[in-house]
Amino acid sequence: MPFHAPGMRRAAPPWFAASALAALLGALHFAGLSGTLDRSWFDALARRTAHPRHAHPEAVLVLIDESAIAAAARRGERWPWPRDSFAALFAALHQAGARSIVADLLFLEPSEDAYADDLLAATVAATGTHLARLPNQAPALRPADGSALPPTGLVEYLPDPDGVVRRYHYSGSLASTAGLPEIPGLRLLRWAGSTTTLGRQALGAGPLMEHGRGLLASVRASGADELDPSALAQALARLPPLDLGGELRGKNVFLGASHAAGFDLKPFPIGPREPGVLVHFTAWSNARSGGWFREIPGAEAAAALAILAATLALFWRQARLLHLAAAAVALVVGTLAASVLAFHFGLWLPPALPVLATAAVFTTLAVRHWNAENAAKQQLSSLFASYVSPSVLHRLLEHPDRLRLGGERREVTVFFSDVAGFTELSEAGEPETLITVMNEYFGEMSELLIDEGGYLDKYIGDAIMGVFSAPDDLPGHALAACRAALACRDRLNALAPDWERRYGVRLGARIGLNSGPAVAGNVGSHRKRNYTVLGDCVNLASRLEGANKAFGTTILAGEATIRLAGDALLSRPVDLLRVKGKARPVQTYEPIALAASATEAQRALVEGHTAAWSHLHARRFRQALEAYETLLGRDAGDVLARLHAERCRSYLDNPPPPDWDGVHQLKDK
């Protein structure tokens, strides 16, 4: 479980955050943000997936384009053309075999040429052309025989708030005049492409104009009444079909203006300036093939709420920023991928609200994580700033999840030291002097321990307890503890004469080291807690510190510490001890120096004790005695050598039993 700072201000419960985020998303939705994003996404997908295969093969666009306008201009005709020119165009489409002609053209008022109006009305009726109308205005054309025009269709563009037309109301529309059943409701269009990408399904009207004029001239030459729809239809039927390579035969032709002067260019998803007739062509193709997009009302809101609930439930209590970011990316990518896949199968799933929900949840949890992390770092600083090195504190602040204040097992090296003869010192000296010298002593020793990466656990009277490899991992923790112990020994030896001169006291210290498993965590009551380590490893380190008195040593380390320190440390064997409260004996050593900086005298001391100890435990007591006496000859103050020499003499006088294991029972703590 990750580190959380006790006493940290309690965060709002997840249901409250979910409600607040849902309200925020609702506000963004009704403010139009999600709609804007969804429309942009839809347009991008529409352009990406637009393909002529989505256009029904029975539909063809015929466009009054710039080339048709230029050709008419050469004949002296300006836009809007005379109505007999439109009559010629309808006649040409009819003779080319069009099944139906749907013209996105408005003739809402009579022109100045009544004959041209009557000719256009007769041609519309004769060819079955369907004209456009407005909601309250029908075409101002009436055939001369009083007959009705073919059904007209409503041209009503229904843009979204951004002005782009994406949906179509098919019932009663211009597209519906091409012969399909009525389809109720507003439908979302699937686009086949723009007029420039539809290939041979988008043709220019220019070549048809000349053919149409020729057709009407042939009708006049035949003597038929061209203003009578029936007579005109019969006359056209007697004329040969117009051969355009079969491009219009049997097709439903959608005619409209695509030139700039027609003022009929509309913004569609597949382009910002497309002819308005394209929407009718697209709508009819959708209706003919069932290509409309299906929409599920409220689907995006349901998805957004599901994301809110699921993400908050999963990550509220454990909000690692990396996991949050990965989940957010996965949700966004998954939502967009689902939208793309659904789009491919004709289902529109707006992704903006779910994506905004993901962003809102991620932001909320990231802020919560940031606040919790800052609170944790503040508590870490208050817990450890004075007790570990800056580098260790930095690592803890960078990775607070490594710290398990609730308790964890760690491999550590424990450091215990106390002042030799402190009881006599405290009784003999002045209180003020005692406090002053102890503060200086603690300050010097603590800095050396922290400099080697140790954690200053506590002061117990005159004792210092330190831990290496807790709260953070410390590679080589055993060697680091030995370096700290040697540094404390050397520093104390250097400072002792000055303290004796200034305060009249000479301080000495004993240090115990031991490595092994321990339980680390925050221990105490609700009023006071302390990060510490517990276990046999800790107890043994304390026992070894006290055992120095028996051997005249300064530092006493357990076998595990010496083994982990390896060849980088020179140490001499001390004894195989069974300390009070422990059944299993432990081999003890005294660290002498770091191998890299050891003097010849130190190397000789270690080699001599190692050889003597080997003889002693092999029951070669005579050789062991000689080796220890040699050591005493070099240094008469070697307490350990004198102790073992006396022990060897005792064994020579009274040999131990055959089952002797060399274990020395330490009775004092």
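Here are some notes:
- Take the conditions (1) part of a loop (DSSP other than H, G, I, E, B); (2) in contact (Cβ under 8 Å) with a residue 12 or more places away in the chain; (3) more than 27 Å from HIS51 (Cα to Cα); ILE183 misses just one of them, which is (3).
- Checked against the criteria, VAL579 counts as crowded, with 19+ Cβ neighbours inside 10 Å and either modelled with pLDDT under 95 or not assigned by TED's automatic domain parsing to the domain that holds GLY454 (or both).
Residues checked against (1) modelled with pLDDT under 90; (2) not hydroxyl-bearing (Ser, Thr, Tyr):
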site: GLY524; (1), (2): yes, yes
site: THR532; (1), (2): yes, no
site: ALA541; (1), (2): no, yes
site: THR554; (1), (2): no, no
site: ALA568; (1), (2): no, yes
site: ARG572; (1), (2): no, yes
site: ALA583; (1), (2): yes, yes
site: GLU590; (1), (2): no, yes
site: ALA595; (1), (2): no, yes
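Results for (1) closer than 23 Å to VAL62 by Cα; (2) modelled with pLDDT of 95 or more; (3) touching a strand residue (DSSP E or B) at 6+ places or on another chain (Cβ under 6 Å), shown as yes or no for each residue.
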site: GLN234; (1), (2), (3): no, yes, no
site: PRO241; (1), (2), (3): yes, no, no
site: GLU247; (1), (2), (3): yes, no, no
site: PHE254; (1), (2), (3): yes, yes, yes
site: GLY262; (1), (2), (3): yes, no, no
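- Elements of type helices (runs of 4 or more DSSP H) in the range 300-415, at least 2 residues being at pLDDT 80 or above: 321-344, 352-384
- Only one entry in LEU108, LEU120, LEU131 is modelled with pLDDT under 95 and either in the same structural domain as GLY206 (by TED's automatic domain parsing) or more than 30 Å from SER34 (Cα to Cα) (or both), namely LEU108.
- Selection status of ARG220, surrounded by fewer than 20 Cβ atoms within 10 Å (Cβ to Cβ), closer than 22 Å to GLY245 by Cα and either among the charged types (D, E, K, R) or at pLDDT below 95 (or both): no
- Criterion: under 16 Å from THR554 (Cα atoms) and part of a loop (DSSP other than H, G, I, E, B) - qualifying residue of ARG510, ARG506: ARG506
- Note on the range 108-160: residues that are farther than 16 Å from ALA91 by Cβ, part of a loop (DSSP other than H, G, I, E, B) and not acidic (Asp, Glu) total 18.
- Total residues in the range 169-210, condition touching a His at 6+ places or on another chain (Cβ under 7 Å) and at positive phi: 1
The values are calculated or read from the model by the stated rules, or taken from the named source; none is laboratory data. Owing to the predicted nature of the structure, the values given are computational and were not obtained by experimental measurement. Here Cβ is always computed from backbone atoms with ideal geometry, including for glycine, and neighbour counts include all displayed protein chains.
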